[in-house]
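Below is one structure, written out as structure tokens, with a few remarks after it.
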Amino acid sequence: EGGDHAIRRTMQALTNPKALDAHMLDSSYVEGFMPSQKDISVFNAISKPATEFTHALRWYNHIASLSAAKVAMLPGTLVSLEAAPAAPSPAPAPAAPPTPASEGKKKEKKEKPPKEPKEKKVDAPAPAPADSAEDKAAKEAKEAAKAREKLVKQVVKEGGKKGVEIEGASDMGGLDFFCTTIESPDGDVELLQMSMTAMNAMPEEGAEERKGCSGHVGKMIFSAGVKQLAIVSYVPSDKADKVDITEWTESVVGAVGGKVTKPVTEAESPLGGKVMEAVVEANADLGKFPLKDKDSAMAAAFAFLRSKGAFPEDNDDDDDDVAFGDDAFEEMGF
């Protein structure tokens, strides 16, 4: 927490144009050698630097030139900083005192009656100048950053809620593994991974609403967008002997003609484990549509789990069996 405050203080300091100019004298970005959400955080809190701040202006114009799509994919977390105060205008110079000679002349002149003040003519305000290409790019970058921040919150919220639902399903049915869909990422693998992290998170003490809580359950989650189907799989450490995550993921990907985009890595989960990422690209000419592939991929995921004895067999003859799958939550009363 102390480190986060220190980083915020550093970024807040850079909203001062002099401090930003001095920092950019030997740096290209707020931190490191690549742009990040820290640059966008400072950018959003300042106006365009004056021409005297050469290095700060160079950085500002570069960040403003980034496309909305590029800004949305920058690493890090966007931080809301206080807007930098406007520089005070210089005080007007005092009028020069009258010379003794002029004072004498003034005394010789007769005093004239004061003139009635004339009404000042108020000019109509000049039309606002059209936004330049740089201004438009800067505006688009700020809007994209705000939209991304809002979407991330929505993704995390949906993941946390689904995690609690999976926890309930696990308690009721004794499940060790589960498969479901997450809608808000809209086929974005990075956002879907954020949902998985939220599903595995431990609940916050004193929070009004429980979130996450399902890090003990192995999962494969799906998100169908227009261009692709995103897939993220997770197997906790204590269940790795039961289901091999690489074998599980490659089996599902092979069944729907997809590809692994990120091999096995450490999961961001309090219980440890591994995660993998994959996508299935849409191709209308080949009859491949993300929504259709989602159903096929989920069926293949459940079939693999059943082959390993990691998921209950589907028995339609027994009405007392709990229903599992994407519609299980509604049938369980969630």
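The values are calculated or read from the model by the stated rules, or taken from the named source; none is laboratory data. Being a predicted model, the structure only gives us computed values, none of them experimental. Here the Cβ is made from the backbone with ideal geometry for all residues, glycine too, and neighbour counts use every protein chain on show. Each accessible area value is taken on the protein alone, full model and side chains, heavy atoms only, with ligands, DNA and RNA left out. Shrake-Rupley method; radii C 1.70, N 1.55, O 1.52, S 1.80 Å.
Being among the hydrophobic types (A, V, I, L, M, F, W, C) and surrounded by fewer than 17 Cβ atoms within 10 Å (Cβ to Cβ) is the filter; apply it to segment 261-287 and report the residue that is farthest from SER195 (Cα to Cα). Please lay out each step first, then the result.
So in segment 261-287, the residues among the hydrophobic types (A, V, I, L, M, F, W, C) come out as 264, 267, 271, 275-276, 278-280, 282, 284, 286.
Still in the running and surrounded by fewer than 17 Cβ atoms within 10 Å (Cβ to Cβ): 264, 271, 284, 286.
On the way: VAL264: 17, LEU271: 16, ALA284: 28, LEU286: 30 Å.
Within segment 261-287, the match that is farthest from SER195 (Cα to Cα) is LEU286.
Where residues in segment 65-86 are farther than 21 Å from THR10 by Cβ and either in a loop (DSSP other than H, G, I, E, B) or at pLDDT 95 or above (or both), which of them is least open to solvent (accessible area, probe 1.4 Å)?
Checked segment 65-86; the qualifying residue least open to solvent (accessible area, probe 1.4 Å) is LEU66.
Within segment 135-171, restricting attention to residues that are among the acidic types (Asp, Glu) and open to solvent by 80 Å² or more (accessible area, probe 1.4 Å), which residue is nearest to ALA45 (Cα to Cα)?
GLU143
Kindly establish whether SER47 is of a type in the set (S, T, N, Q), more than 20 Å from SER80 (Cα to Cα) and either surrounded by 16 or more Cβ atoms within 10 Å (Cβ to Cβ) or out of contact with any strand residue (DSSP E or B) (no Cβ under 6 Å at 6 or more places or on another chain) (or both).
Details: of a type in the set (S, T, N, Q): yes; more than 20 Å from SER80 (Cα to Cα): no; either surrounded by 16 or more Cβ atoms within 10 Å (Cβ to Cβ) or out of contact with any strand residue (DSSP E or B) (no Cβ under 6 Å at 6 or more places or on another chain) (or both): yes.
In short, no.
Scan segment 39-55 and tell me whether some residue there is over 21 Å from the mean Cα position of the chain (by Cα), within 17 Å of ALA13 (Cα to Cα) and outside any loop (DSSP other than H, G, I, E, B). So that I can check it myself, show each step before the final result.
To start, the set of residues in segment 39-55 that are over 21 Å from the mean Cα position of the chain (by Cα) comprises 47-55.
Adding the requirement that they be within 17 Å of ALA13 (Cα to Cα) leaves 47-49, 53, 55.
Still in the running and outside any loop (DSSP other than H, G, I, E, B): 55.
Scanning segment 39-55 turns up at least one residue that is over 21 Å from the mean Cα position of the chain (by Cα), within 17 Å of ALA13 (Cα to Cα) and outside any loop (DSSP other than H, G, I, E, B).
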